[in-house]
Amino acid sequence: MKKTTLVFRSLAVIIFIAGIAHLTSFASQKDDLNYSYEDSIDLNQKQNLYQDENPKKITKSNPETDYIVGKWKVSYNSDNFKGAVVYSIKKEGKVFNAYTHQYQDEKGNQKKAEGAKTLIIKSFDGYKGKGRYTVEYEDQQYQVNCQIDMVDENTFKLSYDHYGYGDVETWKRQ
Amino acid sequence: MIEFLSKKLDWIDVNYWFYILNDLSLIYIILPFFVLELIRYAYLKKLNKDLILDSIANIITFGGFYVIEIILGLLAITKVYFWIYNNFSLPHLELNWITIICCILLADFAYYWEHRMMHRIGIGWATHTVHHSSPHFNMSVAYRFGPLDAIMPIIFSLPIVMLGFDPILVLLSEVFVQVFQTLLHTEIIGKFIKPVEFIFNTPSHHRVHHGSNRQYWDKNYAGILIIWDRMLGTFEPEVEKVRYGISEPIHSNNPIKVFLHGISRFLKKLKKVNGFKNKLLVFIKAPDWMPTHDQGTSTNK
């Protein structure tokens, strides 16, 4: 068989299979970006957008996963915001929630944040996790699926990808 | 159906299924099958010292391979794979049955090509010849690995990670393909019904792959699906009785000799060949390639 035939047939197989996977993934994710600003905020409010001052939920401790609880700092260098945000990750029931804790600008000035729930980690095994992350794009907030990959116990990567709008953030323990 | 297949899955469930299919398969299918093969050998009065020592050597080579695989695998997965995944991949795919099936199919296709390369390039055959050097064919032969057998799969799996599949899913899929392959190393099963033989790799197809009969050289590289061989011109059905082994048998059950004979022969060839360019070509040209004369076109089985 000619080498070009081998190449074309192999590429066809790869494109076909990977195409099916991406189409399925895209189709099941596309609804996530269809929220309007108001819908997104409504959704957030339903899920307790702001930090509960007196959390009443009883949480079982699990040292293999609970080490993620604490303050985490993320640096941003976008047109909208240059500086860092410190988040506070708390365990609430079976999930981990991250609330904005503090804003830091480029010069190091600090400002207390309003405690908005920004990240919900729905599943986490100590190494990897999945959840919903609130991102802002053109003044609108969206909740997108995200993935967490621990690099070491003091660093993790938070990645989200929504066909044309995605990023990988590095969260460092404060 | 589509809704079910595209429903998001939790990693914990996926890991559970792969644990049953990959890790536990040794206990519930591979070992019982191997015992059955030993009983069959005994019944046919073929259970002899050579077969026992050969099986032991197979398992020991697996030990050596496993240590190298763990080191390379851990490095590749934790460092290279995730780095590629986070920096050079298409949008990350979510976890559902369709993406899992697609990942297994791609891992199977990658297996076809890495297996083909193992046979068709010098350095590949130097390590893979270990797997083919047994004159027997049973489940233990599936565990007969060469020292560098873990490298090629890592290279060929990287494009799958670049396509947006999670590195851990890629690894689990690769192991699944390997476990399926393991089950093909048997003489107990003849041929399945035609549709199965047409689509899937079966013990019959894999016996051909291990054959040293001339017409069986460099055929049936598939892991799970034999359609890759049919599509890419390397399919050969089992007709003539298969003679197992390689054209230059090692006549030894010494695990160290078994494990290193391919590399040792490769180094001897490398020493014999003159010129830097030719030495480099020995790595990537066909295993029986020689710079001046005796240039062949097939793996020297």
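Would you point out which residue out of A:Asp167, A:Asp161, A:Asp152, A:Asp139 is loosely packed, with under 14 Cβ neighbours inside 10 Å and closer than 24 Å to B:Phe165 by Cα?
Within the list A:Asp167, A:Asp161, A:Asp152, A:Asp139, the selection yields A:Asp152.
Within region B:79-96, can you find the residues that are more than 9 Å from chain A (Cβ to nearest Cβ) and in a helix (DSSP H, G or I)?
Scanning region B:79-96 gives B:Lys79, B:Val80, B:Tyr81, B:Trp83, B:Ile84.
I'd like to verify a number: residues in region B:81-94 that are crowded, with 22+ Cβ neighbours inside 10 Å and either modelled with pLDDT of 95 or more or among the aliphatic types (A, V, I, L, M) (or both), how many?
The number of residues fulfilling the criteria is 1.
The rows are residues; the columns are (1) away from chain A (no Cβ under 14 Å); (2) surrounded by fewer than 21 Cβ atoms within 10 Å (Cβ to Cβ); (3) of a type outside the set (Asp, Glu); (4) in contact with a Phe, Trp or Tyr (Cβ under 6 Å, 6 or more places away or on another chain).
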residue	(1), (2), (3), (4)
B:Glu174	yes, no, no, no
B:Gly211	yes, no, yes, no
B:Ile224	no, no, yes, yes
B:Arg230	no, yes, yes, no
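So that you can scan it fast, the table gives a plain yes or no per residue for (1) within 14 Å of chain A (Cβ to nearest Cβ); (2) under 27 Å from B:Phe34 (Cα atoms):
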{"position": "B:Ile100", "(1), (2)": "yes, no"}
{"position": "B:Ala107", "(1), (2)": "yes, yes"}
{"position": "B:Trp113", "(1), (2)": "yes, no"}
{"position": "B:Met118", "(1), (2)": "no, yes"}
{"position": "B:His128", "(1), (2)": "no, yes"}
{"position": "B:Pro135", "(1), (2)": "no, yes"}
{"position": "B:Val141", "(1), (2)": "no, yes"}
{"position": "B:Leu148", "(1), (2)": "no, yes"}
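Scan region A:131-146 residue by residue and report those that are touching an Asp or Glu at 6+ places or on another chain (Cβ under 8 Å) and within 12 Å of another protein chain (Cβ to nearest Cβ).
A:Val144, A:Asn145
Go through B:Lys7, B:Lys49 for me and flag whichever is at pLDDT 90 or above and more than 26 Å from the chain's Cα centre (by Cα). Walk me through how you get there before you give the answer.
Numbers: B:Lys7 fails: at pLDDT 90 or above.
B:Lys49 is the lone residue from the list that is at pLDDT 90 or above and more than 26 Å from the chain's Cα centre (by Cα).
For the subset of region A:126-164 comprising residues that are part of a loop (DSSP other than H, G, I, E, B) and in contact with a helix residue (DSSP H, G or I) (Cβ under 8 Å, 6 or more places away or on another chain), which member is farthest from B:Lys8 (Cα to Cα)?
Applying the filter and picking the extreme gives A:Asp139.
Find the strands (runs of 3 or more DSSP E) located wholly in region A:69-125 whose residues include 2 or more that are of a type outside the set (A, V, I, L, M, F, W, C) and touching a residue at least 60 places away in the same chain (Cβ under 8 Å), and list them.
Result: A:70-77.
Please state which of the following conditions B:Glu238 fails to meet, knowing it meets all the rest: (1) outside any helix (DSSP H, G or I); (2) surrounded by 14 or more Cβ atoms within 10 Å (Cβ to Cβ); (3) modelled with pLDDT under 95.
B:Glu238 satisfies every listed condition except (3).
Any idea which of (1) without any contact (Cβ under 8 Å) to a residue 40 or more places away in the chain; (2) within 13 Å of chain A (Cβ to nearest Cβ) is the one B:Met152 doesn't satisfy?
(2)
Against the conditions (1) more than 14 Å from chain B (Cβ to nearest Cβ); (2) within 15 Å of the chain's Cα centre (by Cα), where does A:Val95 fall short? Just the number, please.
All conditions are met except number (1).
The values are calculated or read from the model by the stated rules, or taken from the named source; none is laboratory data. Every value quoted in this text rests on a predicted model; they were computed, and no experiment measured them. We place every Cβ from the backbone using ideal geometry, glycine too, and count neighbours over all the protein chains shown.
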